[in-house]
Amino acid sequence: MARDARIILVTGGARSGKSALAETIMARFPGPHSYIATAEARDDEMARRIAQHRARRGPDWNLIEEPLDLPAALTRSAGQGARLVDCLTLWLSNLMAANRPEDQAIGALCDTLSRPSAPVVLVTNELGLGIVPENRLARRFRDAHGWMNQVVAARADEVWMAVSGLPLRLKPEREIP
Amino acid sequence: MARDARIILVTGGARSGKSALAETIMARFPGPHSYIATAEARDDEMARRIAQHRARRGPDWNLIEEPLDLPAALTRSAGQGARLVDCLTLWLSNLMAANRPEDQAIGALCDTLSRPSAPVVLVTNELGLGIVPENRLARRFRDAHGWMNQVVAARADEVWMAVSGLPLRLKPEREIP
Amino acid sequence: MARDARIILVTGGARSGKSALAETIMARFPGPHSYIATAEARDDEMARRIAQHRARRGPDWNLIEEPLDLPAALTRSAGQGARLVDCLTLWLSNLMAANRPEDQAIGALCDTLSRPSAPVVLVTNELGLGIVPENRLARRFRDAHGWMNQVVAARADEVWMAVSGLPLRLKPEREIP
């Protein structure tokens, strides 16, 4: 494993242990740590989830809330300690809900990741492994999301997938196809 | 591979070959084997599926049907030969349909797995890799199910995922994140 | 990796980079290459997707369009260069939409794959990793599709899964369960 990895992507299904895995990886880096939250507590379900994650991380994290302009949040915090972004899926969902052009935003994220900065661990979801959604918007989201995951994974030094709480390494690749 | 593994979890998608993989693993252990079925033949689709599984296993299995009190079934059979539990997903679904508190039941399952006993192979599903379900109950099920998979996987000596009928080992982990 | 593999299956979620991975694998084989397309441009979404794939492959491919009789298309092209079939999921969907018995068609595909021929790379989807679909037809499709993936994977020399654009090898298996 490249212990000097700077960009690390953690993917996985819902409730697969992605955030916990990302926090384990953050422990490689000396503090202070920043937590870049893309979630907005729009309903009770979400508020509870946010509170659970916060309780698990403990109080020693610098919290940055940024539902939309993630590239700017990463640029502003580039000179600080390691950052955990949780998560890209909600970020994309927020962008689309706000009618922001997602291709442009994903391009800006990639540009930001290409510049030298403190380490960053990004959490995302795998969500294209079910039946094709009947809802057209869901299909559009699934397509944009898959493309986002691919371009971020291509720039990442390490990619992990959480399955039933267990880590599976996807990058560096084990084998060349 | 730890050939003396006592708790083995087999996960995977629908029709991914999970049950067949679990039966292959059971062949490590000398008979007699018990099959702990959590399914109830509530409709034709389910009755057909149960009959197919039974035909493949053959008649030499001791059948235990237990849709709800899986911890008790495991405790009662602890001194017998190896057990195959098929599956945790239906068990959780039965619990929620019967309004039993699932957190308590999952906790009791973990307690039971912590005690010395004959080997047990547990089948479950990975079901959090699609688009967020629109149905609130489905989201609650998905959350509880993901948590169940994580806590059982944490107690398991081995975890396998079936994909297109092929086995992928998740635990013992290949790499430390 | 068996460099003389003749049947190679590439699976993965929606927008996971399956087609690009399959094209990378095709580069192992000397040209000319044939592209067996099972898609029909029934709507704008699909037409756009087909055009994107075609643009990426470039013009040097021999295009064979065959939405239904894939075994015949494979037999006819058996003496030519390597073939890329994209994809089995749409083929199965076309069969079911046309009320063709899918078990028979999948059996015929397996027979065809068992006969000596030029190499073939087949693309399919993993789609059983979400919540159980409420729609009965979707459940039937998911079941038939999972069975198709299993029988084709069993006949394949190599199986890869694309996740976030990254290749994960499933076969030859890494470990015996």
Translational diffusion coefficient, Stokes-Einstein: compute it for the range C:7-171 using the Kirkwood radius over C-alpha pairs as Rh, at 10 °C and 1.306 mPa s, and state it as an integer in µm² s⁻¹.
99
If each residue's Cβ is checked for other Cβ atoms within 10 Å, how do A:E173, C:E66 rank with the fewest at the top?
A:E173, C:E66
If we count other beta carbons within 10 Å of each Cβ, what is the order of C:R174, B:R142, B:R6, fewest first?
C:R174, B:R6, B:R142
Diffusion constant of the protein assembly as shown at 37 °C, which comes from Stokes-Einstein with the Kirkwood Cα-pair radius and 0.692 mPa s, µm²/s
135
Placing the label point 7 Å from Cα along the Cα-to-Cβ direction, what are the distances from C:G58 to the equivalent spots in the other copies, shortest first, in nm to one decimal?
5.4, 5.4
For the range A:85-168, with only Lys/Arg (+1) and Asp/Glu (-1) charged at the beta-carbon, what is the dipole magnitude about the Cα centre, in debye rounded to 20?
220
How far, in whole Å, is the nearest Cβ of chain B from the axis relating it by rotation to chain C, and which residue carries it?
B:G130, 1
The range A:48-145 - convex hull of the alpha-carbon atoms, volume per residue in Å³
122
Roughly how many Å is it from the Cα centre of the range A:87-160 to that of the range B:14-32, as a whole number?
37
Using unit Cβ charges (K, R positive; D, E negative) and no other charged atoms, how large, in debye to the nearest 20, is the dipole of the protein assembly as shown about its Cα centre?
560
For chain B, set up a Gaussian network in which alpha carbons nearer than 10 Å are linked by springs, and say which option among B:R100, B:R42, B:R28 fluctuates the most.
B:R42
Between C:A27 and C:I176, what is the label-to-label distance in nm when each label sits 7 Å out along the Cα-to-Cβ direction?
3.6
The residues C:M46, C:M96, sorted from fewest to most surrounding Cβ atoms within 10 Å, come out as C:M46, C:M96
Go ahead and estimate [θ] at 222 nm for the protein assembly as shown from helices alone: -39,500 (n - 2.57) per DSSP H run with n ≥ 4, summed, over the residue count, rounded to 500.
-13000 deg cm²/dmol
Which of the aspartates and glutamates could a cross-linker span from A:K171 if the Cα-Cα distance has to be under 12 Å and same-chain partners fewer than 8 positions apart are dropped?
A:D157, A:E158, B:E175
Alpha-carbon gyration tensor eigenvalues x 5, square-rooted, for the range B:52-98, Å:
20, 16, 7
Calculated FRET value between A:A138 and A:A97, using beta carbons and R₀ = 22 Å, to 0.05:
0.95
Taking the alpha carbon gyration tensor of the range C:1-59, what are the square roots of 5 times its eigenvalues, largest first, to the nearest whole Å?
23, 14, 10
To the nearest 20 Debye, how big is the dipole of chain C about its Cα centre, given +1 on the beta carbon of each Lys and Arg and -1 on that of each Asp and Glu?
260
DSSP-defined antiparallel bridges as percent of all bridges, the protein assembly as shown, nearest 5:
20
Where both partners of a DSSP beta bridge lie in the range C:7-171, what percent of those bridges are antiparallel, to the nearest 5?
20
Using the 2.2 N^0.38 Å rule of thumb for compact globular proteins, work out how the range B:115-177 stacks up: its C-alpha Rg over that value, please.
1.32
When only alpha-carbon atoms are used, what values of Rg and Dmax, in angstrom, describe the range C:75-127?
11.9, 32
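Computed from the coordinates by the stated procedures, all read-outs in this text should not be read as laboratory data. Quick caveat: nothing in here was measured; it's all calculated off a predicted structure. When we count neighbours, we look across all protein chains shown, and the Cβ atoms used for this are built from the backbone with ideal geometry, even at glycine.
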